[in-house]
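Laboratory data are not the source of any read-out in this text; all were calculated from the coordinates shown. This one's a predicted model, so the numbers in the text were calculated from it and none came from an experiment. All Cβ positions, even for glycine, are placed from backbone atoms using ideal geometry, and neighbour counts span all protein chains on display.
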Amino acid sequence: MRTSTHARYKPFAPFALIASAALFLTACGSGSDDAAGGTANAAARADKIPTTDVVSSIQKDEAAAGLLPSGVTGLTLAVAVGGTPPGTTYLDDGKTLTGQDVDFAHAVGKVLGIKLTTEQASFEAILPALDSGKYDFGASNFGVTEERRKTIDFVTYINDGQGFATRKDSKLGKVTDLKQLCGLNIATGAGTTFEATLEENKHLCADAGEKAYKVQTYSESGAIWSSLQQGRSDVVMSTINGLRYAVAQQEGVKFLNEFHRLDVGFAFKKGTKLAPAFQAAVNKLIADGTYDRILKKWGTTGSAITKSRISPPELKN
């Protein structure tokens, strides 16, 4: 049964705190240099970001490094700040980036013995910028899809995917068919696989003679949760790991279900010669136990893979 959950919602403190923290973090990423930023951020947070060092002790692996193209000693990494872990965020100093993708990228950099220069960009801008050479690779939970494989090469390092969350007072249950969302407002990130999936399947509602759902896209995670809090959205579609983390950190919201699993990988310009070295580095991390330590740090052991692959076919499930 499909039940609309529009409006009539009263904001509650934990949700507001998470949203305000995420928005603050985005402001810092845009270049805010306020000395009071760290204090304000700490006060606003409803979560505790793990700070276990899982990277600095990693040693260079000559076999993996030998697969790099000649002369490569450093690379430019693009990341999108997502507001809350395990996505990329800032520590309380308002300057230091952290998150699961950051840890994996820097761990690979240590294995390969190269220096990474990290730059922040909006999620939807990273993949197009790879082709121009602005960045050497991106790491922001990029799911491997058939559409993306046409223009992007991937080296996989986790398995995550698409899921749904809503408010606890919603009567919406497990979403196994997007027709269950007909007539509802769905909040999601701009330029994501979630947006693409929703837009591509809008016709399902019309085909069933029902009102289409509305896709509401945002560039900031704080705006997504605010939309749900304020009743402008009925459900959130995002990463499985991100949604589970958000649900664990705040009251009044529930994780509905996994919808579609996807391999997640470092993203490169099509035809890159960096892929074999990155694949070898990820497999080295898996073999020596560093991989498991990173996943345990971020509480995402359910996303483990046993072997890295280069641009595998999209998972069908």
Within the set LYS115/LYS270; LYS171/LYS202; LYS60/LYS307; LYS48/LYS296; LYS270/LYS297, which residue pairs have Cα atoms separated by over 25 Å? LYS270/LYS297
Counted neighbours (other Cβ, 10 Å), sorted fewest up, put THR52, THR217, THR188 in the order THR52, THR217, THR188
Quick one: which residues, 5+ away or cross-chain, put their amide H under 5 Å from the amide H of SER311? H built at 1.01 Å from N. PHE154, VAL155, THR156
Dipole magnitude of region 71-200 about its Cα centre, charges +1 at Lys/Arg Cβ and -1 at Asp/Glu Cβ only, in debye to the nearest 20? 260 debye
Sort out for me the Cα centre separation of region 221-290 from region 152-175, rounded to whole Å. 8 Å
Whether region 73-204 is rounded, prolate or oblate, judged on the alpha carbon gyration tensor where a/c under 1.5 counts as rounded: prolate
In nm, the gap between the two label points placed 7 Å beyond Cα toward Cβ at THR306 and THR76 is 3.9 nm
For region 162-261, what is the relative contact order in percent, using Cα pairs closer than 8 Å and at least 6 residues apart in sequence? 48 percent
Reachable lysines, given that their alpha-carbon falls under 17 Å from the alpha-carbon of LYS168 and they are not under 8 places away in the same chain: LYS10, LYS254
Dipole magnitude of region 162-261 about its Cα centre (Cβ charges: Lys, Arg +1; Asp, Glu -1), debye to nearest 20: 280 debye
What is the sum of charges around ALA64, taking Lys and Arg as +1, Asp and Glu as -1, for the other residues whose C-beta is under 15 Å from the C-beta of ALA64? +2
So, relative contact order of region 200-309 in percent, Cα under 8 Å, 6 or more apart, is 12 percent
What is the list of residues in region 87-109 whose amide nitrogen lies under 20 Å from a point 7 angstrom out from the Cα of ASP288, following Cα to Cβ? 100-109
